[in-house]
Amino acid sequence: MLRFLTAGESHGKGLIGIVEGMPSGLKVSKEFIHRELKRRQQGYGRGGRMKIESDEVEFISGIRWGKTLGSPITLLIKNRDWQNWEKALNDDPQFEGSFPPVTKPRPGHADLAGLIKYDHSDIRNVLERSSARETAMRVAIGALAKQLLEEFNINIGSFVTKIGTASLSIDTHNLKEKDLIELLNKADKSPVRCPFEPLENKMMEVIDRAIKTGDSVGGSFIVFATNVPIGLGSYVHWDRKLDSRIAAAMMSIQAIKAVEIGDGVKLADEFGSRVMDEIFYNGKFYRTTNHMGGIEGGMSNGMPIIVKATMKPIPTLRKPLKSVDIITKEPVEAAYERSDICAVPAASIIGEAVIAWCLAQAFLEKFGGDSLGDIKASYDFYNTKRC
(Lines give C-alpha, C1' and ligand atoms only; values in the text may rest on other atoms or scores of the structure.)
Protein backbone atom coordinates (compact mmCIF):
# COMPACT_ATOMS: atom_id res chain seq x y z
CA MET A 1 0.00 0.00 0.00
CA LEU A 2 1.29 3.43 -0.97
CA ARG A 3 1.16 6.01 1.80
CA PHE A 4 3.01 9.08 3.05
CA LEU A 5 3.48 11.23 6.13
CA THR A 6 4.68 14.80 6.40
CA ALA A 7 6.11 16.70 9.37
CA GLY A 8 7.46 20.16 10.03
CA GLU A 9 6.44 23.71 10.84
CA SER A 10 6.26 26.70 8.54
CA HIS A 11 9.26 28.47 10.08
CA GLY A 12 10.94 25.41 11.59
CA LYS A 13 14.17 23.80 10.43
CA GLY A 14 12.45 22.16 7.49
CA LEU A 15 9.79 19.83 6.15
CA ILE A 16 10.07 16.05 6.22
CA GLY A 17 8.22 13.55 4.08
CA ILE A 18 8.24 9.75 4.34
CA VAL A 19 6.86 7.69 1.46
CA GLU A 20 6.19 3.99 1.90
CA GLY A 21 5.19 1.52 -0.79
CA MET A 22 6.90 3.02 -3.84
CA PRO A 23 8.07 0.10 -6.00
CA SER A 24 11.73 -0.52 -6.68
CA GLY A 25 13.38 0.34 -9.98
CA LEU A 26 11.68 3.68 -10.62
CA LYS A 27 14.03 6.31 -12.03
CA VAL A 28 13.72 9.49 -9.98
CA SER A 29 14.73 12.89 -11.30
CA LYS A 30 15.54 15.36 -8.54
CA GLU A 31 15.54 18.11 -11.18
CA PHE A 32 11.91 17.31 -12.02
CA ILE A 33 10.95 17.60 -8.35
CA HIS A 34 12.73 20.96 -8.13
CA ARG A 35 10.82 22.21 -11.18
CA GLU A 36 7.55 21.20 -9.54
CA LEU A 37 8.52 23.01 -6.34
CA LYS A 38 9.38 26.10 -8.34
CA ARG A 39 5.99 25.97 -10.10
CA ARG A 40 4.33 25.99 -6.67
CA GLN A 41 6.28 29.07 -5.61
CA GLN A 42 5.28 31.14 -8.63
CA GLY A 43 2.10 33.09 -9.28
CA TYR A 44 0.95 36.68 -9.26
CA GLY A 45 -0.14 37.65 -5.75
CA ARG A 46 2.27 35.46 -3.79
CA GLY A 47 3.75 36.85 -0.57
CA GLY A 48 7.26 37.77 0.55
CA ARG A 49 8.07 34.24 1.77
CA MET A 50 8.55 33.15 -1.84
CA LYS A 51 11.44 35.62 -2.16
CA ILE A 52 13.17 33.97 0.80
CA GLU A 53 12.72 30.28 0.05
CA SER A 54 14.17 28.44 -2.92
CA ASP A 55 12.79 25.00 -2.29
CA GLU A 56 14.96 22.00 -3.08
CA VAL A 57 14.60 18.43 -1.90
CA GLU A 58 17.22 16.21 -0.32
CA PHE A 59 16.78 12.44 -0.19
CA ILE A 60 17.74 10.85 3.13
CA SER A 61 16.78 7.27 2.28
CA GLY A 62 15.12 4.96 -0.23
CA ILE A 63 16.94 6.02 -3.39
CA ARG A 64 20.31 4.83 -4.63
CA TRP A 65 21.98 6.07 -7.78
CA GLY A 66 18.80 7.64 -9.08
CA LYS A 67 16.45 4.68 -8.58
CA THR A 68 14.01 3.68 -5.86
CA LEU A 69 14.95 0.71 -3.70
CA GLY A 70 11.46 -0.31 -2.56
CA SER A 71 12.26 0.80 0.99
CA PRO A 72 10.78 3.94 2.59
CA ILE A 73 11.81 7.17 0.91
CA THR A 74 12.66 10.08 3.21
CA LEU A 75 12.62 13.62 1.79
CA LEU A 76 13.85 16.85 3.37
CA ILE A 77 13.15 20.46 2.34
CA LYS A 78 15.10 22.91 4.47
CA ASN A 79 13.53 26.24 5.44
CA ARG A 80 15.89 29.12 4.75
CA ASP A 81 13.79 31.35 6.98
CA TRP A 82 14.64 29.16 9.99
CA GLN A 83 17.61 31.39 10.79
CA ASN A 84 15.17 34.21 11.60
CA TRP A 85 12.98 31.99 13.81
CA GLU A 86 15.52 29.83 15.59
CA LYS A 87 14.66 31.07 19.10
CA ALA A 88 10.92 31.27 18.43
CA LEU A 89 10.62 27.60 17.39
CA ASN A 90 13.56 25.99 19.13
CA ASP A 91 13.08 22.69 20.96
CA ASP A 92 15.34 23.83 23.83
CA PRO A 93 13.29 25.03 26.86
CA GLN A 94 15.84 27.79 27.58
CA PHE A 95 14.25 29.83 24.79
CA GLU A 96 10.71 29.63 26.19
CA GLY A 97 9.16 33.10 26.40
CA SER A 98 11.82 34.69 24.20
CA PHE A 99 9.27 35.36 21.45
CA PRO A 100 5.92 37.14 21.97
CA PRO A 101 2.84 34.89 21.80
CA VAL A 102 0.13 35.27 19.18
CA THR A 103 -3.18 35.83 20.98
CA LYS A 104 -5.48 37.30 18.31
CA PRO A 105 -7.07 34.54 16.19
CA ARG A 106 -7.83 35.18 12.53
CA PRO A 107 -11.37 34.54 11.26
CA GLY A 108 -11.28 31.81 8.62
CA HIS A 109 -8.05 30.26 9.91
CA ALA A 110 -7.30 27.21 12.08
CA ASP A 111 -6.20 29.54 14.89
CA LEU A 112 -9.09 29.44 17.37
CA ALA A 113 -10.35 25.89 16.86
CA GLY A 114 -6.80 24.52 16.94
CA LEU A 115 -5.96 26.48 20.07
CA ILE A 116 -8.98 25.10 21.91
CA LYS A 117 -8.54 21.55 20.60
CA TYR A 118 -4.89 21.21 21.68
CA ASP A 119 -5.15 23.39 24.81
CA HIS A 120 -2.56 25.96 23.74
CA SER A 121 -2.17 29.52 24.95
CA ASP A 122 -0.10 30.70 21.97
CA ILE A 123 -1.61 30.56 18.47
CA ARG A 124 1.93 30.20 17.12
CA ASN A 125 1.66 26.51 18.10
CA VAL A 126 -1.27 26.14 15.71
CA LEU A 127 -0.48 28.39 12.77
CA GLU A 128 3.00 27.00 12.16
CA ARG A 129 1.68 23.55 11.27
CA SER A 130 -1.66 24.57 9.76
CA SER A 131 0.17 26.87 7.34
CA ALA A 132 0.12 26.00 3.64
CA ARG A 133 3.91 25.84 3.80
CA GLU A 134 3.30 22.13 4.46
CA THR A 135 2.19 21.74 0.85
CA ALA A 136 5.76 22.20 -0.40
CA MET A 137 6.45 18.67 0.80
CA ARG A 138 3.21 17.40 -0.69
CA VAL A 139 4.27 18.80 -4.06
CA ALA A 140 7.63 17.02 -3.75
CA ILE A 141 5.89 13.75 -2.87
CA GLY A 142 3.37 14.31 -5.66
CA ALA A 143 6.30 14.72 -8.05
CA LEU A 144 7.43 11.19 -7.14
CA ALA A 145 3.92 9.94 -7.93
CA LYS A 146 3.96 11.83 -11.23
CA GLN A 147 7.18 10.11 -12.25
CA LEU A 148 5.63 6.73 -11.53
CA LEU A 149 2.52 7.56 -13.57
CA GLU A 150 4.59 8.89 -16.47
CA GLU A 151 6.05 5.40 -16.87
CA PHE A 152 2.55 4.48 -18.05
CA ASN A 153 1.97 7.65 -20.11
CA ILE A 154 -0.44 9.13 -17.55
CA ASN A 155 -0.07 12.90 -17.62
CA ILE A 156 -1.39 15.42 -15.10
CA GLY A 157 -1.85 19.17 -15.45
CA SER A 158 -3.92 22.13 -14.33
CA PHE A 159 -5.03 25.66 -15.17
CA VAL A 160 -6.82 28.48 -13.36
CA THR A 161 -10.38 29.37 -14.37
CA LYS A 162 -11.34 32.02 -11.80
CA ILE A 163 -9.78 34.63 -9.55
CA GLY A 164 -12.31 36.76 -7.72
CA THR A 165 -14.87 38.06 -10.21
CA ALA A 166 -12.67 37.34 -13.24
CA SER A 167 -13.82 33.92 -14.39
CA LEU A 168 -13.78 31.61 -17.38
CA SER A 169 -16.71 29.41 -18.37
CA ILE A 170 -15.35 26.33 -20.09
CA ASP A 171 -17.13 23.14 -21.18
CA THR A 172 -14.63 20.52 -20.09
CA HIS A 173 -16.80 17.64 -21.33
CA ASN A 174 -15.70 18.33 -24.90
CA LEU A 175 -11.97 18.60 -24.18
CA LYS A 176 -9.72 15.87 -25.54
CA GLU A 177 -6.23 15.00 -24.31
CA LYS A 178 -4.50 17.30 -26.80
CA ASP A 179 -6.78 20.17 -25.79
CA LEU A 180 -5.96 19.71 -22.11
CA ILE A 181 -2.21 19.53 -22.73
CA GLU A 182 -2.41 22.71 -24.82
CA LEU A 183 -4.24 24.49 -21.98
CA LEU A 184 -1.57 23.30 -19.53
CA ASN A 185 1.27 24.60 -21.71
CA LYS A 186 -0.39 28.00 -22.02
CA ALA A 187 -1.13 28.13 -18.29
CA ASP A 188 2.50 27.45 -17.39
CA LYS A 189 3.47 30.62 -19.28
CA SER A 190 0.94 32.79 -17.43
CA PRO A 191 1.63 34.61 -14.13
CA VAL A 192 -1.82 33.53 -12.90
CA ARG A 193 -1.77 30.13 -14.67
CA CYS A 194 -4.70 31.14 -16.88
CA PRO A 195 -4.46 29.88 -20.48
CA PHE A 196 -6.53 32.76 -21.89
CA GLU A 197 -4.62 36.04 -22.13
CA PRO A 198 -7.58 38.50 -22.03
CA LEU A 199 -8.83 36.90 -18.81
CA GLU A 200 -5.29 36.75 -17.40
CA ASN A 201 -5.12 40.55 -17.35
CA LYS A 202 -8.51 40.82 -15.61
CA MET A 203 -7.38 38.34 -12.95
CA MET A 204 -4.26 40.39 -12.27
CA GLU A 205 -6.41 43.53 -11.95
CA VAL A 206 -8.52 41.77 -9.30
CA ILE A 207 -5.37 40.87 -7.37
CA ASP A 208 -4.07 44.44 -7.69
CA ARG A 209 -7.31 45.77 -6.17
CA ALA A 210 -6.95 43.37 -3.24
CA ILE A 211 -3.35 44.51 -2.69
CA LYS A 212 -4.41 48.17 -2.59
CA THR A 213 -7.20 47.55 -0.07
CA GLY A 214 -5.29 45.18 2.21
CA ASP A 215 -7.58 42.31 1.24
CA SER A 216 -7.20 38.85 -0.29
CA VAL A 217 -8.90 36.95 -3.11
CA GLY A 218 -9.72 33.33 -3.95
CA GLY A 219 -10.73 31.49 -7.09
CA SER A 220 -11.02 28.17 -8.90
CA PHE A 221 -8.82 25.85 -10.93
CA ILE A 222 -9.10 22.63 -12.91
CA VAL A 223 -6.80 19.63 -12.55
CA PHE A 224 -6.84 16.86 -15.16
CA ALA A 225 -5.25 13.48 -15.77
CA THR A 226 -5.08 11.87 -19.21
CA ASN A 227 -4.59 8.28 -20.40
CA VAL A 228 -5.86 6.87 -17.10
CA PRO A 229 -6.73 3.18 -17.60
CA ILE A 230 -10.27 1.94 -17.05
CA GLY A 231 -10.94 0.48 -13.61
CA LEU A 232 -8.89 2.43 -11.09
CA GLY A 233 -10.82 2.72 -7.83
CA SER A 234 -13.76 0.48 -6.91
CA TYR A 235 -17.53 0.36 -6.63
CA VAL A 236 -17.32 -2.32 -3.91
CA HIS A 237 -16.55 -0.18 -0.83
CA TRP A 238 -17.25 3.48 -0.11
CA ASP A 239 -13.69 4.27 0.92
CA ARG A 240 -12.19 2.82 -2.27
CA LYS A 241 -14.20 4.94 -4.68
CA LEU A 242 -11.78 6.99 -6.76
CA ASP A 243 -13.94 10.12 -6.84
CA SER A 244 -14.40 10.14 -3.07
CA ARG A 245 -10.66 9.78 -2.52
CA ILE A 246 -9.88 12.55 -4.99
CA ALA A 247 -12.46 14.84 -3.41
CA ALA A 248 -11.04 14.20 0.06
CA ALA A 249 -7.48 14.80 -1.11
CA MET A 250 -8.39 18.06 -2.82
CA MET A 251 -10.31 19.25 0.24
CA SER A 252 -7.22 18.55 2.34
CA ILE A 253 -5.40 21.40 0.59
CA GLN A 254 -5.50 24.47 2.80
CA ALA A 255 -8.34 26.91 1.89
CA ILE A 256 -10.11 24.59 -0.59
CA LYS A 257 -13.86 24.76 0.11
CA ALA A 258 -15.49 23.00 -2.85
CA VAL A 259 -14.65 20.17 -5.27
CA GLU A 260 -16.46 19.13 -8.46
CA ILE A 261 -15.78 16.24 -10.81
CA GLY A 262 -16.66 16.56 -14.47
CA ASP A 263 -19.57 18.93 -15.04
CA GLY A 264 -20.15 18.94 -11.27
CA VAL A 265 -23.01 21.15 -10.09
CA LYS A 266 -24.04 21.88 -13.70
CA LEU A 267 -25.31 18.31 -13.95
CA ALA A 268 -28.25 19.25 -11.73
CA ASP A 269 -29.55 21.57 -14.47
CA GLU A 270 -29.80 18.90 -17.16
CA PHE A 271 -31.85 15.82 -18.03
CA GLY A 272 -29.95 12.55 -17.77
CA SER A 273 -30.21 11.93 -21.51
CA ARG A 274 -28.08 15.02 -22.14
CA VAL A 275 -25.22 14.35 -19.74
CA MET A 276 -24.58 10.59 -19.67
CA ASP A 277 -21.52 9.82 -21.80
CA GLU A 278 -22.61 7.32 -24.46
CA ILE A 279 -20.44 4.26 -25.06
CA PHE A 280 -18.99 3.19 -28.42
CA TYR A 281 -16.56 0.50 -29.59
CA ASN A 282 -13.97 0.54 -32.35
CA GLY A 283 -11.38 -2.00 -31.29
CA LYS A 284 -11.65 -0.52 -27.79
CA PHE A 285 -14.33 1.21 -25.74
CA TYR A 286 -14.54 4.99 -26.06
CA ARG A 287 -16.76 8.01 -25.44
CA THR A 288 -17.28 11.20 -27.42
CA THR A 289 -18.17 13.31 -24.37
CA ASN A 290 -16.92 13.48 -20.80
CA HIS A 291 -19.63 15.01 -18.61
CA MET A 292 -18.76 12.57 -15.81
CA GLY A 293 -15.16 13.76 -15.65
CA GLY A 294 -13.65 10.35 -16.33
CA ILE A 295 -15.17 8.61 -13.29
CA GLU A 296 -18.30 6.43 -13.09
CA GLY A 297 -19.37 4.31 -10.13
CA GLY A 298 -16.23 5.24 -8.23
CA MET A 299 -13.93 4.01 -11.02
CA SER A 300 -12.00 5.58 -13.87
CA ASN A 301 -13.73 4.98 -17.21
CA GLY A 302 -10.85 5.70 -19.59
CA MET A 303 -11.72 9.33 -20.30
CA PRO A 304 -9.62 12.21 -18.93
CA ILE A 305 -10.23 12.78 -15.23
CA ILE A 306 -11.40 16.36 -14.71
CA VAL A 307 -11.53 17.92 -11.24
CA LYS A 308 -12.46 21.49 -10.34
CA ALA A 309 -11.56 22.98 -6.96
CA THR A 310 -12.55 26.29 -5.43
CA MET A 311 -10.33 28.15 -2.99
CA LYS A 312 -11.53 30.70 -0.45
CA PRO A 313 -9.62 34.00 -0.03
CA ILE A 314 -6.58 33.78 2.25
CA PRO A 315 -7.78 34.54 5.82
CA THR A 316 -4.69 36.59 6.75
CA LEU A 317 -5.46 40.24 5.93
CA ARG A 318 -3.32 43.38 6.15
CA LYS A 319 -6.58 45.17 6.94
CA PRO A 320 -7.59 42.79 9.76
CA LEU A 321 -11.09 41.70 10.77
CA LYS A 322 -12.64 41.80 14.22
CA SER A 323 -11.56 39.15 16.71
CA VAL A 324 -11.18 38.48 20.44
CA ASP A 325 -7.93 38.23 22.38
CA ILE A 326 -7.71 34.68 23.75
CA ILE A 327 -6.11 35.86 27.02
CA THR A 328 -8.01 39.06 27.89
CA LYS A 329 -11.22 38.14 26.01
CA GLU A 330 -11.34 41.77 24.87
CA PRO A 331 -12.33 42.81 21.31
CA VAL A 332 -9.26 43.23 19.06
CA GLU A 333 -8.22 43.22 15.43
CA ALA A 334 -7.00 39.83 14.20
CA ALA A 335 -3.26 39.13 14.03
CA TYR A 336 -1.37 39.61 10.79
CA GLU A 337 1.25 37.14 9.56
CA ARG A 338 3.17 37.62 6.32
CA SER A 339 0.92 36.06 3.72
CA ASP A 340 -0.15 35.80 0.10
CA ILE A 341 -2.80 38.01 -1.45
CA CYS A 342 -3.79 35.26 -3.88
CA ALA A 343 -2.54 31.66 -3.87
CA VAL A 344 -4.87 30.16 -6.49
CA PRO A 345 -2.11 29.58 -9.09
CA ALA A 346 0.00 27.81 -6.46
CA ALA A 347 -3.01 25.78 -5.30
CA SER A 348 -3.47 24.43 -8.81
CA ILE A 349 0.05 22.95 -8.67
CA ILE A 350 -0.69 21.44 -5.27
CA GLY A 351 -3.89 20.04 -6.79
CA GLU A 352 -1.81 18.29 -9.44
CA ALA A 353 0.31 16.73 -6.70
CA VAL A 354 -2.57 15.37 -4.63
CA ILE A 355 -4.36 13.93 -7.66
CA ALA A 356 -1.11 12.34 -8.82
CA TRP A 357 -0.85 10.71 -5.41
CA CYS A 358 -4.46 9.46 -5.48
CA LEU A 359 -4.00 7.97 -8.94
CA ALA A 360 -0.66 6.39 -8.01
CA GLN A 361 -2.31 4.76 -5.00
CA ALA A 362 -5.21 3.42 -7.08
CA PHE A 363 -2.83 2.36 -9.85
CA LEU A 364 -0.67 0.29 -7.49
CA GLU A 365 -3.76 -1.25 -5.90
CA LYS A 366 -4.84 -2.42 -9.37
CA PHE A 367 -1.48 -3.39 -10.88
CA GLY A 368 0.67 -3.60 -7.75
CA GLY A 369 3.98 -5.37 -7.38
CA ASP A 370 7.21 -4.85 -5.53
CA SER A 371 9.14 -3.70 -8.60
CA LEU A 372 8.40 -1.52 -11.60
CA GLY A 373 8.89 -4.55 -13.85
CA ASP A 374 6.20 -6.51 -12.02
CA ILE A 375 3.77 -3.62 -12.35
CA LYS A 376 4.43 -3.17 -16.07
CA ALA A 377 3.80 -6.86 -16.71
CA SER A 378 0.48 -6.69 -14.88
CA TYR A 379 -0.50 -3.47 -16.65
CA ASP A 380 0.33 -4.89 -20.12
CA PHE A 381 -1.63 -8.08 -19.44
CA TYR A 382 -4.68 -6.12 -18.28
CA ASN A 383 -4.68 -3.87 -21.36
CA THR A 384 -4.19 -6.78 -23.74
CA LYS A 385 -6.87 -9.04 -22.28
CA ARG A 386 -9.55 -6.65 -21.10
CA CYS A 387 -9.44 -3.20 -22.67
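The values are calculated or read from the model by the stated rules, or taken from the named source; none is laboratory data. Model, not experiment: these values are computed from the prediction. A quick note on method: Cβ atoms are made from the backbone with ideal geometry, for glycine too, and the neighbour counts reach across all protein chains shown.
For the stretch 213-241, enumerate the residues that are assigned to a strand (DSSP E or B), over 16 Å from Ile170 (Cβ atoms) and among the aliphatic types (A, V, I, L, M). I'd like the intermediate steps shown before the answer.
Start the filter on the stretch 213-241 by keeping residues that are assigned to a strand (DSSP E or B), which leaves 219-226, 233.
Then keep just the ones that are over 16 Å from Ile170 (Cβ atoms); that gives 225-226, 233.
Ala225, the sole residue that qualifies.
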### Message
Which of the numbered conditions does Ser244 fail, given that it passes all the others? Conditions: (1) out of contact with any strand residue (DSSP E or B) (no Cβ under 7 Å at 6 or more places or on another chain); (2) among the small types (Gly, Ala, Ser); (3) closer than 17 Å to Asn174 by Cα.
### Response
(3)
## Note on the structure
Of the listed residues (Asp171, Asp188, Asp179), the one being at pLDDT below 95 and over 17 Å from Cys342 (Cβ atoms) is Asp171
### Test: Gly231 is in contact (Cβ under 8 Å) with a residue 60 or more places away in the chain, at positive phi and surrounded by fewer than 15 Cβ atoms within 10 Å (Cβ to Cβ)
no
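Kindly evaluate Arg106 against the criterion of being under 30 Å from Pro331 (Cβ atoms) and either crowded, with 20+ Cβ neighbours inside 10 Å or β-branched (Val, Ile, Thr) (or both).
Values: under 30 Å from Pro331 (Cβ atoms): yes; either crowded, with 20+ Cβ neighbours inside 10 Å or β-branched (Val, Ile, Thr) (or both): yes.
Considered against the rule, which asks whether it is under 30 Å from Pro331 (Cβ atoms) and either crowded, with 20+ Cβ neighbours inside 10 Å or β-branched (Val, Ile, Thr) (or both), Arg106 comes out as yes.
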### Query
Which one of these does Lys319 not meet: (1) part of a loop (DSSP other than H, G, I, E, B); (2) buried (at least 16 other Cβ atoms within 10 Å of the Cβ); (3) not hydrophobic (A, V, I, L, M, F, W, C)?
(2)
### the stretch 242-273: number of residues that are exposed (fewer than 13 other Cβ atoms within 10 Å of the Cβ), among the charged types (D, E, K, R) and not in a helix (DSSP H, G or I)
2
### Task
Write out, first by first residue and then by second, each pair whose Cβ atoms fall under 6 Å of each other, whose residues are 6+ apart or on separate chains, and whose first residue, in the stretch 258-285, is on the phi > 0 side of the Ramachandran plot while the second is among the hydrophobic types (A, V, I, L, M, F, W, C) and exposed (fewer than 10 other Cβ atoms within 10 Å of the Cβ).
none
### Query
in a helix (DSSP H, G or I), buried (at least 17 other Cβ atoms within 10 Å of the Cβ) and either touching a residue at least 40 places away in the same chain (Cβ under 8 Å) or of a type outside the set (D, E, K, R) (or both), is that true of Ala210?
yes
## Note on the structure
Subset of the stretch 165-204, residues closer than 29 Å to Ile295 by Cα and assigned to a loop (DSSP other than H, G, I, E, B), comes to Leu168, Ser169, Ile170, Asp171, Leu175, Lys176, Asp188, Val192, Arg193, Cys194, Pro195, Phe196
### Task
Considering only residues that are crowded, with 23+ Cβ neighbours inside 10 Å and among the hydroxyl-bearing types (Ser, Thr, Tyr), look in the stretch 127-166 and name the one that is nearest to Ile33 (Cα to Cα).
Thr135
### Task
Would you confirm whether any residue within the stretch 75-97 is surrounded by fewer than 16 Cβ atoms within 10 Å (Cβ to Cβ), more than 29 Å from the chain's Cα centre (by Cα) and touching a residue at least 40 places away in the same chain (Cβ under 8 Å)?
no
### Asp340 being surrounded by fewer than 15 Cβ atoms within 10 Å (Cβ to Cβ) and either of a type outside the set (Gly, Ala, Ser) or not in a strand (DSSP E or B) (or both)
no
### Task
Scan the stretch 339-369 for residues that are modelled with pLDDT of 95 or more and closer than 20 Å to Ser24 by Cα and report the count.
12
### Task
Quick one: count up the residues across the stretch 10-53 that are modelled with pLDDT of 95 or more, surrounded by 17 or more Cβ atoms within 10 Å (Cβ to Cβ) and under 18 Å from the mean Cα position of the chain (by Cα).
9
### Query
What single numbered condition from (1) among the basic types (Lys, Arg); (2) farther than 30 Å from Ser190 by Cα; (3) surrounded by 20 or more Cβ atoms within 10 Å (Cβ to Cβ) fails to hold for Lys308?
(2)
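Which one of these is small (Gly, Ala, Ser), over 30 Å from Arg3 (Cβ atoms) and over 17 Å from the mean Cα position of the chain (by Cα): Gly233, Gly219, Gly264, Gly164? Talk me through it step by step, then tell me what you get.
On the way: Gly233 fails: over 30 Å from Arg3 (Cβ atoms); Gly219 fails: over 17 Å from the mean Cα position of the chain (by Cα); Gly264 fails: over 30 Å from Arg3 (Cβ atoms).
Of the residues listed, the single one that is small (Gly, Ala, Ser), over 30 Å from Arg3 (Cβ atoms) and over 17 Å from the mean Cα position of the chain (by Cα) is Gly164.
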#### Entry: Among the candidates Ile141, Ile156, residue that is in contact (Cβ under 8 Å) with a residue 24 or more places away in the chain, touching a strand residue (DSSP E or B) at 6+ places or on another chain (Cβ under 7 Å), under 30 Å from Asp380 (Cβ atoms) and part of a helix (DSSP H, G or I)
Ile141
### Task
Give the residues of the stretch 292-311 that are out of contact with any helix residue (DSSP H, G or I) (no Cβ under 8 Å at 6 or more places or on another chain) and among the β-branched types (Val, Ile, Thr), sorted by residue number.
Thr310
### Query
Has the stretch 370-378 got any residue that is outside any helix (DSSP H, G or I) and in contact (Cβ under 8 Å) with a residue 12 or more places away in the chain?
yes
### Task
Out of Gly45, Gly108, Gly25, Gly70, report the one residue that is touching a residue at least 40 places away in the same chain (Cβ under 8 Å), under 18 Å from Phe4 (Cα atoms) and of a type outside the set (D, E, K, R).
Gly70
